[in-house]
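Novice: The following block contains the structure, expressed as structure tokens.
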Amino acid sequence: MTEEPGFETRAIHAGQDPDPVTGAVVPPISLSTTFAQSAPGEHGGYEYSRSGNPTRRALEECVASLEGADHGLAFASGLAAEDALLRTLAPGAHVVLGHDAYGGTYRLIARVHGETGALQHTAANFTDDGALEGAWRENTAMVWFETPTNPKLDVIDIEAVAAFAHERGALCVVDNTFATPYLQNPIASGADVVVHSATKYLGGHSDVVGGFLAVTAGRDELTERLRFLQNAAGAVPGPLDCYLLLRGIKTLAVRMDRHGVNATAVAEMLRSHPAVERVMYPGNGGMVSFICKGGEDAAVGVAKRTQLFTLAESLGAVESLLCHPARMTHLSVVDSPLAVDPALIRLSVGLETIDDLLADLKQALDAG
Ligand SMILES: *Cc1c(COP(=O)(O)O)cnc(C)c1O
């Protein structure tokens with residue numbers, strides 16, 4: 001092939017050539033923790049499984065390819081990936097964080113790196129004119145945001161934020177967990193680093209926790225530092241986890257297509273339901289949020305009544321999940337600028353039969 005293979009082809013094959021010894025078309029789960037050397041320090045690229053593992057390497061090449069990145073690094077969780085990235089900043093550096101972000105990201109920046117004095121931060125609503133400028137400081141070294149945001153599903157202009165950051169010598173980091181590389185490639189829009197909680201759509205089946213960093217070309221020093229941290233701090237995923245992620249990613253494109261079809265139908269139904277005040281749906285992907293009429297009590301009632309939509313944290317898998325962020329995923333930001341409207345419900349629309357999903361939501365809303 002002369003042209004770069006398409007997304008689906010790369011999702012199935014990137015980093016996963018048939019095994020040169022056995023011909024196996026699925027990368028083996030390499031459980032060995034150590035690798036034989038022919039002479040001290042001479043080896044075939046692997047020495048110890050924390051430093052490098054063949055199954056992990058396949059995953060790193062695959063996701064890097066999907067994100068249009070030069071480099072990929074897999075971690076034990078999304079937060080482990082985020083932690084490694086934050087550790088690359090100089091002590092005392094300032095981070096501007098999108099206001100509508102995953103609660104755990106805020107907690108990591110504010111309460112882990114913030115409380116030791118290592119990092120400063122300001123939360124900013126990137127949808128407000130001048131918010132980025134207002135949050136900026138002389139020592140701002142990184143802008144970090146999600147798009148669509150969580151849980152309000154606002155869409156942020158990656159190109160504009162990246163240009164703003166680069167003019168001021170800062171890094172632009174995009175958490176692409178919600179959109180996935182199938183719907184959006186932040187690096188093509190100027191982002192330097194893409195963060196994933198691979199636990200969500202990349203894995204796609206609610207059975208593996210994982211994280212990922214994809215780094216654009218030309219950021220070699222940053223990549224080297226991240227590789228150093230991945231090994232030196234050691235928050236790496238196990239080979240079975242890497243295998244599960246590789247398996248999930250093979251169907252990412254078809255899953256995202258159907259997530260989008262189902263979520264569009266759900267958003268449409270919610271828009272016409274009298275118990276719903278407002279629906280937030282960016283037009284693609286599987287996440288839908290809505291505000292219930294009647295405030296927190298009404299939202300909590302709906303959350304208790306759905307049956308097919310399981311009340312649970314997390315998102316991005318084949319089964320439909322419902323979350324009340326103010327009391328669940330965003331509890332850690334309840335008294336912060338990131339606090340969420342307690343009347344808001346967030347849906348991760350799964351791949352069940354759409355009529356069943358609509359009927360479940362209707363009965364939960366009608367009973368209110
Ligand atoms: C879940 C999530 C994270 C954290 O990832 P873990 O795999 O749970 O550590 C980060 N960002 C977003 C947008 C998430 O949804």
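The values are calculated or read from the model by the stated rules, or taken from the named source; none is laboratory data. Since the structure is predicted, the reported quantities are computational estimates derived from the model, not experimental observations. Ideal geometry is used to build each Cβ from the backbone, glycine not excepted, and the neighbour counts take in all protein chains shown. Side chains included, ligands, DNA and RNA excluded: accessible areas come from the protein's heavy atoms. Shrake-Rupley method; radii C 1.70, N 1.55, O 1.52, S 1.80 Å.
Novice: Take Phe178 and tell me if it is at pLDDT 95 or above, among the aromatic types (Phe, Trp, Tyr), within 17 Å of Thr105 (Cβ to Cβ) and open to solvent by less than 10 Å² (accessible area, probe 1.4 Å).
Specialist: Answer is no for this residue.
Novice: Being crowded, with 22+ Cβ neighbours inside 10 Å, away from the ligand (no atom under 16 Å from the Cβ) and assigned by TED's automatic domain parsing to the domain that holds Asp241 is true for just one of Val25, Val96. Which residue is that?
Specialist: The conditions single out Val96.
Novice: Here is a list: Leu59, Leu108. Which entry is touching an Asp or Glu at 6+ places or on another chain (Cβ under 7 Å), farther than 20 Å from Ala165 by Cα and not hydroxyl-bearing (Ser, Thr, Tyr)? Working first, answer last.
Specialist: Details: Leu59 fails: touching an Asp or Glu at 6+ places or on another chain (Cβ under 7 Å).
That would be Leu108, the only listed residue that is touching an Asp or Glu at 6+ places or on another chain (Cβ under 7 Å), farther than 20 Å from Ala165 by Cα and not hydroxyl-bearing (Ser, Thr, Tyr).
Results for (1) touching a Cys at 6+ places or on another chain (Cβ under 6 Å); (2) open to solvent by 70 Å² or more (accessible area, probe 1.4 Å); (3) more than 24 Å from Asn176 (Cα to Cα), shown as yes or no for each residue.
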position: Glu296; (1), (2), (3): no, no, yes
position: Ala299; (1), (2), (3): yes, no, yes
position: Lys304; (1), (2), (3): no, yes, yes
position: Leu315; (1), (2), (3): no, no, no
position: Val318; (1), (2), (3): no, no, no
position: Val340; (1), (2), (3): no, no, no
position: Gly350; (1), (2), (3): no, no, no
position: Ile354; (1), (2), (3): no, no, yes
position: Asp360; (1), (2), (3): no, no, yes
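Novice: Is there a residue being away from the ligand (no atom under 16 Å from the Cβ), surrounded by 13 or more Cβ atoms within 10 Å (Cβ to Cβ), in the same structural domain as His94 (by TED's automatic domain parsing) and farther than 24 Å from Pro282 by Cβ anywhere in the stretch 127-134?
Specialist: No, the stretch 127-134 contains no residue that is away from the ligand (no atom under 16 Å from the Cβ), surrounded by 13 or more Cβ atoms within 10 Å (Cβ to Cβ), in the same structural domain as His94 (by TED's automatic domain parsing) and farther than 24 Å from Pro282 by Cβ.
Novice: When the stretch 239-255 is examined, which residues are found to be open to solvent by 10 Å² or more (accessible area, probe 1.4 Å) and among the β-branched types (Val, Ile, Thr)?
Specialist: Thr251, Val254
Novice: So which residues in the stretch 196-222 are open to solvent by less than 10 Å² (accessible area, probe 1.4 Å) and within 28 Å of Asp157 (Cβ to Cβ)?
Specialist: His196, Ala198, Tyr201, Leu202, Gly204, Gly211, Phe212, Leu213, Ala214, Val215, listed by residue number.
Novice: Run Asp83 past the list (1) in a loop (DSSP other than H, G, I, E, B); (2) surrounded by fewer than 22 Cβ atoms within 10 Å (Cβ to Cβ) and report the number of the one that doesn't hold.
Specialist: Asp83 satisfies all of (1) in a loop (DSSP other than H, G, I, E, B); (2) surrounded by fewer than 22 Cβ atoms within 10 Å (Cβ to Cβ) except (1).
Novice: From the residues in the stretch 33-79 that are within 28 Å of Pro186 (Cβ to Cβ) and open to solvent by 80 Å² or more (accessible area, probe 1.4 Å), which one is nearest to the ligand (Cβ to nearest atom)?
Specialist: In this case the residue turns out to be Glu61.
Novice: If you don't mind, another one. Restricting the first residue to the stretch 85-104 and requiring it to be within 20 Å of Met328 (Cβ to Cβ) and among the charged types (D, E, K, R), which pairs with a second residue that is away from the ligand (no atom under 16 Å from the Cβ) and open to solvent by 10 Å² or more (accessible area, probe 1.4 Å) meet a Cβ separation below 8 Å and a spacing of at least six or different chains?
Specialist: Hits for this filter: Asp100/Asn125.
Novice: Which numbered condition in (1) open to solvent by 10 Å² or more (accessible area, probe 1.4 Å); (2) over 24 Å from Ser348 (Cβ atoms); (3) within 13 Å of the chain's Cα centre (by Cα) is the only one that Val193 fails?
Specialist: Answer for Val193: the failing condition is (1).
Novice: Restrict the check to the stretch 36-45 and report whether at least one residue is of a type in the set (D, E, K, R), farther than 28 Å from Tyr182 by Cα and assigned by TED's automatic domain parsing to the domain that holds Leu66.
Specialist: Yes.
Novice: Take the conditions free of Cβ contacts under 8 Å to residues at least 40 places away in the same chain, of a type outside the set (Gly, Ala, Ser) and within 16 Å of the ligand (Cβ to nearest atom) and apply them to Leu322. Does it pass?
Specialist: Here the answer is yes, as Leu322 does meet what is asked.
Novice: Run down Leu66, Leu59 and say which single residue is within 15 Å of the chain's Cα centre (by Cα) and under 15 Å from Ala198 (Cβ atoms).
Specialist: Numbers: Leu59 fails: within 15 Å of the chain's Cα centre (by Cα).
Residue meeting the stated conditions: Leu66.
Novice: Also, I was wondering about something else. May I ask you to verify whether Leu311 is closer than 20 Å to Asp207 by Cβ and away from the ligand (no atom under 14 Å from the Cβ)?
Specialist: So Leu311 fits the description; yes.
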